[in-house]
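Colleague: Below is one structure. I have some questions about it.
The values are calculated or read from the model by the stated rules, or taken from the named source; none is laboratory data. Keep in mind the model is a prediction, meaning the values are calculated, not measured. We place every Cβ from the backbone using ideal geometry, glycine too, and count neighbours over all the protein chains shown.
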Amino acid sequence: MKKQTLGLSVASCLVVLSQTAWAAGFVVRDIEVNGLERVPAGTVLNYLPARIGQAFDDQQTGNAIKALFGTGLFDDVKVGRRGDVLVVNVVERPAIGEINLKGNRKIPSAKLMEVLKSRNVGKGDTLDKAALLSIQQELEEQYKAMGYYGVSVETTIEPLLRNRVAVNINVKEGATTRIKNVKIVGNQAFPEAVLLKQLESGPRGAFTIPFLSDRDKYSKDKLIGDLENLTSFYRDRGYLNFEITSTEVTMSPDKKDIFLTVGVQEGDQYRIRDVTVAGDLGLSKEQLGELIKIRQGQVFSQKALEETRKNLEGKLGEQGFAAAKINAVPDFDQANKQVGITLAVETGRRIYVRRIDIRGANRTKDEVFRRELRQLESSQYSKEQIERSKVRLERLPYVEEASIEVEPVAGTEDQVDLIVKVTERSSNQFRVGAGYSQSQGVLFNVNLNQENFMGTGKQMDINVDNSKVNKNYSISYTNPYYTPDGISRGFSVFHNKYDAAAEDISSYASNRTGASVNYAIPLSEHDSVSLNVGAEQREIVLGSDPATAITKYVTDNGSKYTQLPVTVSYVHDTRNRSIFPSEGQRHRVSLQANVPGSDLEYQKLSYEGAAYMPVTDDVTFAVKGKVGVSNAAGKTTEVPFFDKYYAGGIGSVRGYDQSSLAPRSASHRDQILGGDTMASATAELQFPVPFAEDVKGLKMSTFVDAGNAYNRSTSTGDEKAMRYSAGIGAVWLSPIGPFEISYAKPINSKTGDEEQKVQFSIGASF
């Protein structure tokens, strides 16, 4: 079939008149409609402003034609007369039978179909050529917003049977348009290089990773944001009359390169003359001084002024003034280049929370969520407490997402209701899994985990792990609210078999059985202390050729030990989430000691810390560190070899074999004895996996690791020196357990170090 290029059609509006003039009109005896294929005759008659038995004249003809064209169903309408019969001849617009998309690689077909359907361009809809042209232009704009300025969208219409057509949309995306150069003119106070750093748009740097940066992609929205950033930069430095005088965007003929030129007029720099608070905040001068970030004599800063305003509004919000506003009123002194700032206070009414309604709690008892709320019913409204309540809810392992909405109470001016909406994630898990770890070999796991047992928030875990290195069997139970004020209590029973030879550490095996009880006491919103008291029995089984130091330790101390470990820990945690946090810190200091009555007496003091800083909404910079020190005590002269520190591998210094960084036996250099001291650190940039940004539980990172384990009294030189590595990694919280993979290159490996650049673990805890 011959294809017709889309164009604007002009319907003919011919009025067929009979030989006899009918200006005087006639009474309609019947109405005849011709040309219908899909449109019911009743539809025409419904829209036609004429009825049988009523008079009709030529003045009504125009109204009839206009009404039928207004339906959008017809390409042509003719109204005439045959005697006393009103004759309506129509040509229907074709229906869309097919929509074919071609060439769209960057925008999925499903998304384009949604755009078409929203404009009533879908299979079965009447063809509207004007709408098609509009959509064609819209699709081009969508591509341009993604940086494809060379895009072209061609729409053709192909006739089909039964007055239907196929709409063919052919997209030629072209190459991405890149910013080649950015120029700033008119600046005097700051060098161009400093100003360019304030822009998100610019040429790609020599060391830029293409899929991690879209800096060189041009978009109008990003340019507007850049101009706002530039304006903020100047106004934060006192240039209150700063203006963008011009923006010039030039594109190369092939539409592959863009050149930006921004003209600026800096104006004069202003300083703060005075700061006045108009209104009663109910705060002392000292309290105001802490909240107000602008001072007399300082260079004016828009950022500092905005921070001051938010601080004051936040403080009022804590006092129940939810609608409080702080308006900053400037008073310019042009002659002296000074500005006075008046902070006008509008407190409004004090607001109280009448009721809190929790929605979405299908599996969990209402009280489990309520005990996490810091904003209470019948108390003053507090923005801080509401935000804290949201964070606490989202840190629960059985909550996917939480939001808190404020609804005014009808008929009152000082009361609101809070609507707490929670999206629960499954909390009852039964998992049978298998995997492989380079350090532990084949893994078999059976796990029954209930983090929200019977909807009470209590946790129960039954776990069986089986590998060539570790065989773990454990049962644990925790009540996070053993007391109403948040003291938790837990119990655990375990049995562990560890084969150091299978892990290529040393020639021995360890069998350990024990139980423990633990308490955690909250000190504040972010701080807690915990106490763990346990009892365990350990047996050491020597291998075929153990290191001399191991043989001597067993000879001196025996092979069976009864231990009574007590661990005291302090935790400070401000993270916004426990899984893949994007901001906040977590610090943990713990002291473990075997109390008198234990066969072996020694202590281990350790610290673990992590800080997370958001770079963008999806990118996080993290810094992590670990330090551990152990000492023998009482009748024990040396920390036992089976409880020493190791470094290297996943969770430590990647690029080096698992647990390979530690002092070795002098008699058996292939056996690692461990150290009494350990230190490690990591700096990493975490980001979504390209082209899989929407996949939850999946993250990539680039990192630098450092660390080692050593003996304070005997280790020297290379044995004590820190090891470094750098690489890239990924973590996926898969249905069968966590999966971690990394590629790391050791930076300063020493003679005898065991390197392992690619490391991974599937279905194992790490």
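Colleague: So, of the residues in the range 353-410 that are part of a loop (DSSP other than H, G, I, E, B) and among the aliphatic types (A, V, I, L, M), which turns out to be farthest from the chain's Cα centre (by Cα)?
Modeller: The residue in question is Ala410.
Colleague: Moving on. Criterion first (crowded, with 20+ Cβ neighbours inside 10 Å, farther than 29 Å from Asn557 by Cβ and under 39 Å from the mean Cα position of the chain (by Cα)) does Tyr656 satisfy it?
Modeller: When the stated conditions are applied, Tyr656 passes them.
Colleague: I'd like the full set of residues that are within 19 Å of the chain's Cα centre (by Cα), in a strand (DSSP E or B) and either modelled with pLDDT under 95 or of a type in the set (A, V, I, L, M, F, W, C) (or both), limited to the range 604-619.
Modeller: Hits for the range 604-619 are Ala610, Ala611, Met613, Pro614.
Colleague: Next question, about the same structure. Surrounded by fewer than 19 Cβ atoms within 10 Å (Cβ to Cβ), in contact with a helix residue (DSSP H, G or I) (Cβ under 9 Å, 6 or more places away or on another chain) and free of Cβ contacts under 8 Å to residues at least 24 places away in the same chain - does that describe any residue in the range 68-75?
Modeller: Yes, the conditions are met somewhere in the range 68-75.
Colleague: More than 19 Å from Lys552 (Cβ to Cβ), among the charged types (D, E, K, R) and modelled with pLDDT of 90 or more, is that true of Asp705?
Modeller: yes
Colleague: Of the conditions (1) farther than 26 Å from Lys129 by Cβ; (2) modelled with pLDDT under 85, Gly225 clears all except one; give me its number.
Modeller: (2)
Residues checked against (1) in contact (Cβ under 8 Å) with a residue 24 or more places away in the chain; (2) surrounded by 15 or more Cβ atoms within 10 Å (Cβ to Cβ); (3) not aromatic (Phe, Trp, Tyr):
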{"site": "Ser378", "(1), (2), (3)": "yes, no, yes"}
{"site": "Ile386", "(1), (2), (3)": "yes, yes, yes"}
{"site": "Glu394", "(1), (2), (3)": "yes, yes, yes"}
{"site": "Val406", "(1), (2), (3)": "yes, no, yes"}
{"site": "Ala410", "(1), (2), (3)": "no, no, yes"}
{"site": "Val420", "(1), (2), (3)": "yes, yes, yes"}
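Colleague: Sticking with this structure for a sec: Within the range 528-552, track down each residue that is more than 18 Å from Thr562 (Cα to Cα) and among the small types (Gly, Ala, Ser).
Modeller: The answer is Ser528, Ser530, Gly543, Ser544, Ala547, Ala549.
Colleague: While we're looking at this one, here's another question. Would you point out the residue of the range 539-567, among those that are within 49 Å of the chain's Cα centre (by Cα) and of a type in the set (S, T, N, Q), that is farthest from Ser665 (Cα to Cα)?
Modeller: Going through the qualifying residues, I end up with Thr567.
Colleague: OK, next. Being modelled with pLDDT of 85 or more and either small (Gly, Ala, Ser) or closer than 21 Å to Val171 by Cβ (or both) is true for just one of Gly72, Gly122, Gly97. Which residue is that?
Modeller: Result of the check over Gly72, Gly122, Gly97: Gly97.
Colleague: In a strand (DSSP E or B) and touching a helix residue (DSSP H, G or I) at 6+ places or on another chain (Cβ under 8 Å): is that true of Ile521 in this structure?
Modeller: For Ile521, the condition - in a strand (DSSP E or B) and touching a helix residue (DSSP H, G or I) at 6+ places or on another chain (Cβ under 8 Å) - is not met.
Colleague: Within the range 743-764, how many residues are within 13 Å of Ser652 (Cα to Cα) and at pLDDT 90 or above?
Modeller: Summing the residues that are within 13 Å of Ser652 (Cα to Cα) and at pLDDT 90 or above in the range 743-764 gives 2.
Colleague: Could you tell me which of the residues Gly282, Gly320, Gly360 is in contact (Cβ under 8 Å) with a residue 24 or more places away in the chain, of a type in the set (Gly, Ala, Ser) and assigned by TED's automatic domain parsing to the domain that holds Glu400?
Modeller: Gly360
Colleague: Name the one entry in Tyr381, Tyr398 that is modelled with pLDDT of 85 or more and among the aromatic types (Phe, Trp, Tyr).
Modeller: Checking each option against the conditions leaves just Tyr381.
Colleague: Just to verify a result, which residue in the range 596-613, among those that are exposed (fewer than 14 other Cβ atoms within 10 Å of the Cβ) and not hydrophobic (A, V, I, L, M, F, W, C), is farthest from Ser510 (Cα to Cα)?
Modeller: Going through the qualifying residues, I end up with Pro596.
Colleague: Checking Tyr481 against (1) of a type outside the set (Val, Ile, Thr); (2) out of contact with any helix residue (DSSP H, G or I) (no Cβ under 8 Å at 6 or more places or on another chain); (3) closer than 30 Å to His668 by Cα; (4) not in a strand (DSSP E or B), which test does it fail?
Modeller: Failing condition for Tyr481: (3).
Colleague: Which of (1) surrounded by fewer than 15 Cβ atoms within 10 Å (Cβ to Cβ); (2) within 30 Å of Arg374 (Cβ to Cβ); (3) touching a residue at least 12 places away in the same chain (Cβ under 8 Å) does Asn532 not meet, given it meets every other one?
Modeller: If we test Asn532 against (1) surrounded by fewer than 15 Cβ atoms within 10 Å (Cβ to Cβ); (2) within 30 Å of Arg374 (Cβ to Cβ); (3) touching a residue at least 12 places away in the same chain (Cβ under 8 Å), just (1) comes out false.
Colleague: I'd like to verify a number: residues in the range 172-194 that are outside any loop (DSSP other than H, G, I, E, B) and crowded, with 16+ Cβ neighbours inside 10 Å, how many?
Modeller: Going through the range 172-194 one residue at a time, the tally reaches 5.
Colleague: Name the pairs whose Cβ atoms lie under 9 Å apart, with the first residue in the range 581-599 and in the same structural domain as Thr616 (by TED's automatic domain parsing) and of a type in the set (A, V, I, L, M), the second in a loop (DSSP other than H, G, I, E, B) and surrounded by 17 or more Cβ atoms within 10 Å (Cβ to Cβ), and 6 or more positions between them or separate chains?
Modeller: Taking only residues 6 or more apart or on different chains, the pairs are Ala593/Glu601; Val595/Leu564; Val595/Glu601.
Colleague: Next question. Going by what's in this entry, would Gln592 be described as out of contact with any Lys or Arg (no Cβ under 6 Å at 6 or more places or on another chain) and not acidic (Asp, Glu)?
Modeller: no
Colleague: For residues that are touching a residue at least 40 places away in the same chain (Cβ under 8 Å) and exposed (fewer than 15 other Cβ atoms within 10 Å of the Cβ), scanning just the range 331-341, find the one that is nearest to Arg374 (Cα to Cα).
Modeller: The qualifying residue nearest to Arg374 (Cα to Cα) is Asp331.
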